[in-house]
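Pasting a structure here, questions to come.
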Protein chains: 2
Amino acid sequence: MAKFLNFDALHNKIMIHREKVKSLLETEEFNREVTVMGWVRTFRNNQFIAINDGSCMGNLQIVVDFNNTDEALLKRITTGAAIAVKGIVVESVGKGQKVDIKATSIEILGDSDPEKYPLQPKKHSLEFLREIAHLRFRTNTFNAVFKLRHALAFAIHQFYNEKGFVYMHTPIITASDAEGAGEMFRVTTLDLENPPLTEDGKVDYSEDFFARSANLTVSGQLEGELAAMAFGQIYTFGPTFRAENSNTTRHLAEFWMVEPEVAFADLEDNMQLAEDMLKYVINYALVNCKEEIDFLNNRLLEEEKTKPQNERSELSLIEKLNFCLANDFERLTYTEAIKILKASKPNQKKQFKYLIDEWGADLQSEHERYLVEKHFKKPVILTDYPADIKSFYMRQNEPDEQGRKTVAAMDILFPGIGEMVGGSQREERMDKLVARMEELNIPQEELWWFLDTRRFGSAPHSGFGLGFERLVQFVSGMGNIRDVIAFPRFPKNAEF
Amino acid sequence: MAKFLNFDALHNKIMIHREKVKSLLETEEFNREVTVMGWVRTFRNNQFIAINDGSCMGNLQIVVDFNNTDEALLKRITTGAAIAVKGIVVESVGKGQKVDIKATSIEILGDSDPEKYPLQPKKHSLEFLREIAHLRFRTNTFNAVFKLRHALAFAIHQFYNEKGFVYMHTPIITASDAEGAGEMFRVTTLDLENPPLTEDGKVDYSEDFFARSANLTVSGQLEGELAAMAFGQIYTFGPTFRAENSNTTRHLAEFWMVEPEVAFADLEDNMQLAEDMLKYVINYALVNCKEEIDFLNNRLLEEEKTKPQNERSELSLIEKLNFCLANDFERLTYTEAIKILKASKPNQKKQFKYLIDEWGADLQSEHERYLVEKHFKKPVILTDYPADIKSFYMRQNEPDEQGRKTVAAMDILFPGIGEMVGGSQREERMDKLVARMEELNIPQEELWWFLDTRRFGSAPHSGFGLGFERLVQFVSGMGNIRDVIAFPRFPKNAEF
């Protein structure tokens, strides 16, 4: 009969003999003794413990001989408690699983007071879980989301590594405010109560840590270009920042970007690289995260059921991912897109909030969604935007027959997400680049190092930025960007 | 006879047919036409162009028929210029290479004025190259260093991915000043000229972007622990920051850290994981970066020759790396280390700047170097440091027979580098953790989420931090940490 004893010296050398739930769920070797550790998900009838150790989404069933178990111990087997179990691998008595562990001894490693533990075995809203982001990884949904996030990150590294790209860590703290984005976070060690002042009463940044005004980067691109002009092909994968006061389901103040930059590449090469990469990583996730994607697929189907019929998605998550792999992204110019939008029903019927009136208008989310979700029903690459709504470093196209100026930009728009990728061929011609910087009052002195790439051995080159959280959103089907990053940063929130 | 003509429409669709230098240097297919693009390294006798495109360290030789080439074009083939060459793959006429390209046409993509281009085909000092960090990737040394950095980063991801760890992106901006490090960068959007004030005249951070005072993270560990308590095994790999005013060859204000955290693991598991990881990635580099490591090995041998005999290293770089793989790291306690240091010659002869007098002293770089480089001559893992010189979250050991308090910490010391890894088993016992926090005046309210892991399902767990740049230094043999990160950040410097 089973005896329940504390392990001796369990707190030393414990991992060495621990077996993971994932491997036990797949084992074919029965009637052997194993040690397993994890957290209690449920404990039914004083008899069946479902234990999870994070190694997979599935739980392992521990069968307890409750007649021969100390009652005080049984009471401590509560949802969330950490336990160590020694037991025998047996064929499962229940349905839906192959393996049970018949416990021979159990130790409570850490209790979890059921009166206080916020995660009980019931459905919690995503909003509630956001408040306890430090615990939400312990739910199936977030287990799946963050496993998927891991897999996508790894797939990105693998994709670029296989292609011979060099991974660059571009600086997080930068002194240049070059893109003129304006919405940057300042980084400082000055005493804000009493900052040093210059003679004319301004804050004296020459006394700051970097002896100048410094910010958090909004993009690694400019530095990435420097490296591409030596290695030929590089990518960055790091955090970027926007101090924008936007409280939406699509924006974060701190997010991760992937920014490849390729020498001797034009806009078409750039589009191909982006499409190849997206398909590679989506396929990687489908192959390597089957359990997680199945779960998220079902989660989304359940969520869809709560919506009115006409708002439901035509495709399930898995269908959407496979559809992406099977079809070429639709490529068209901004000018062609404007024609489609102008003639579209929501524009004609004035259902758009921002009506498309004339060439030159910046596209809003509603327009992008119309093109992707209604008109083409697949990912769309829009190219050759008006120069006036794009950045100074983008390559200037020849003006069209009507004299309109465009740049060799490309944005990739995804259903449900909007802009997933933004990129361009870069302006490699010094004279044109400098002329544009002058037009926009961008100081050349500050960017002397950037201009040096055009001064010495300039070459055509292209690159793009991928918003990593938006990719995770697309592949996981999560509607709110705050649910795909561990500890989201947004206005008035930097908890945890 | 060769004619030199500009390509038609070269600036469109150029990458598609471009062949890389790396593949051409290895090709066996002769007498075919190829297009190659890259930067001129040297141009000898108006006849031999050495071209490099970053795909490997080696250059490809282009043979120019200078009798039939426009002189104006020849003049523009200068060091650093970007060129596109069409030509025939032929067996090389020279020694040391297999393949030449017999040029049929050449186009200058971007000039490089030899009067102004700072990188000429001669040896430049590392100090000089640091001033032009935007161009130094174009040298062989930095090509090798950053290819190696890439390979080491990829190897780290691969190591953890294979072991089933989940890659977490812990937040860069944090509101907690929990470690009491003090030396943090503030992140703010307040107007420093005119910050909002509270009634008692202090800066009112409730009006700042995050509605509270916020900083750049010094470590992802505390958040990593939250995730480890759900996934079992996680790691971070991201930038961390120290606003320390240290101008050394070993410190940066912005650097990258790898921080694994493992549930159900003790200090011994932790040491084993760190040693396994270091050996895995060093081995990966030796196998995958042979060309780069050979180059750096020779570079170091040359550098050593300039030193007096008695200061030269006994082992070459490659020997040092292989030695690391072949030997177990030496494990000993702090207490044992103190005994060795106390009895050591430099301590007896008062050659140490900080003499080792009694138990409890913090080890200085000179002591670590003595242990690693003189006494054991291999990597050393020091464990069980005095509690007073380590962080609050480290697991408290039982006091020793003399009543001295230690914690289950471990530091891995490497020859020439010093501390490469710092880690510990974490204090999982709520009462002991809280008592220590009270002793050190660490506010518990701020860390409510961290304490929750001990409140709900606490379990033994361990983790460490690896300074990524120090790893790159060790494997590349570069003496200055500023030479292994693209754009180093240190006091008074945030250029590029």
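The values are calculated or read from the model by the stated rules, or taken from the named source; none is laboratory data. The shown structure was predicted, so the numbers you read here are calculated from the model rather than taken from an experiment. Reconstructed Cβ throughout: ideal geometry from the backbone, glycine too, with neighbour counts over all protein chains shown.
Among the residues of the stretch A:417-424, are any of a type outside the set (A, V, I, L, M), closer than 20 Å to A:L321 by Cβ and touching a helix residue (DSSP H, G or I) at 6+ places or on another chain (Cβ under 6 Å)?
Yes, the stretch A:417-424 contains a residue that is of a type outside the set (A, V, I, L, M), closer than 20 Å to A:L321 by Cβ and touching a helix residue (DSSP H, G or I) at 6+ places or on another chain (Cβ under 6 Å).
Hey, another quick one. Being in a loop (DSSP other than H, G, I, E, B) and at the interface with chain A (Cβ under 9 Å from one of its Cβ atoms) narrows it down to one of B:A230, B:A243, so name that one.
B:A243
So, in the stretch B:459-496, how many residues would count as being assigned to a helix (DSSP H, G or I) and among the hydroxyl-bearing types (S, T, Y)?
Qualifying residue count, the stretch B:459-496: 1.
Let me ask you something else. Inside the stretch A:101-136, can you point out the residues that are within 11 Å of another protein chain (Cβ to nearest Cβ) and in contact (Cβ under 8 Å) with a residue 40 or more places away in the chain?
A:E107, A:L109, A:S112, A:L119, A:A133, A:H134
Can you pull out every residue in the stretch A:23-82 that is of a type in the set (D, E) and within 14 Å of chain B (Cβ to nearest Cβ)?
A:E26, A:D53
Let me ask something else about it. What number of residues in the stretch A:26-56 are closer than 19 Å to A:N143 by Cβ and surrounded by 18 or more Cβ atoms within 10 Å (Cβ to Cβ)?
Qualifying residue count, the stretch A:26-56: 14.
Same structure, new question: Take B:F237 and tell me if it is crowded, with 22+ Cβ neighbours inside 10 Å, more than 25 Å from the chain's Cα centre (by Cα) and not aliphatic (A, V, I, L, M).
No, not satisfied.
Name, by its number, the condition in (1) at the interface with chain B (Cβ under 10 Å from one of its Cβ atoms); (2) surrounded by fewer than 24 Cβ atoms within 10 Å (Cβ to Cβ) that does not hold for A:G479.
Every listed condition holds for A:G479 apart from (1).
Then there is this: Take B:Q444 and tell me if it is polar (S, T, N, Q) and buried (at least 24 other Cβ atoms within 10 Å of the Cβ).
no
Further question: Residue by residue through the stretch A:450-467, note down the ones that are closer than 24 Å to B:P118 by Cβ, hydrophobic (A, V, I, L, M, F, W, C) and either away from chain B (no Cβ under 12 Å) or crowded, with 19+ Cβ neighbours inside 10 Å (or both).
Within the stretch A:450-467, A:F450, A:F456, A:A459 qualify.
Can you name every residue in the stretch A:180-204 that is at the interface with chain B (Cβ under 9 Å from one of its Cβ atoms) and among the hydroxyl-bearing types (S, T, Y)?
Correct list: A:T188, A:T189.
Would you mention how many residues in the stretch A:83-100 are more than 10 Å from chain B (Cβ to nearest Cβ) and either assigned to a strand (DSSP E or B) or surrounded by 21 or more Cβ atoms within 10 Å (Cβ to Cβ) (or both)?
So the count comes out to 9.
Quick one: which of B:G467, B:G423, B:G479 is farther than 20 Å from B:A155 by Cα and touching a strand residue (DSSP E or B) at 6+ places or on another chain (Cβ under 9 Å)?
Of the residues listed, the single one that is farther than 20 Å from B:A155 by Cα and touching a strand residue (DSSP E or B) at 6+ places or on another chain (Cβ under 9 Å) is B:G423.
Could you tell me how many of the residues in the stretch A:286-315 are within 15 Å of A:M478 (Cα to Cα) and either modelled with pLDDT of 95 or more or outside any loop (DSSP other than H, G, I, E, B) (or both)?
13
Please determine, by comparing only the residues of the stretch A:246-285 that are of a type in the set (A, V, I, L, M) and in a loop (DSSP other than H, G, I, E, B), which one is nearest to A:F414 (Cα to Cα).
Checking each candidate, the answer is A:L252.
Continuing with the same structure: Can you tell me which residue among A:E254, A:E268, A:E275 is on the phi < 0 side of the Ramachandran plot and more than 8 Å from chain B (Cβ to nearest Cβ)?
Going through A:E254, A:E268, A:E275 in turn, just one is on the phi < 0 side of the Ramachandran plot and more than 8 Å from chain B (Cβ to nearest Cβ): A:E275.
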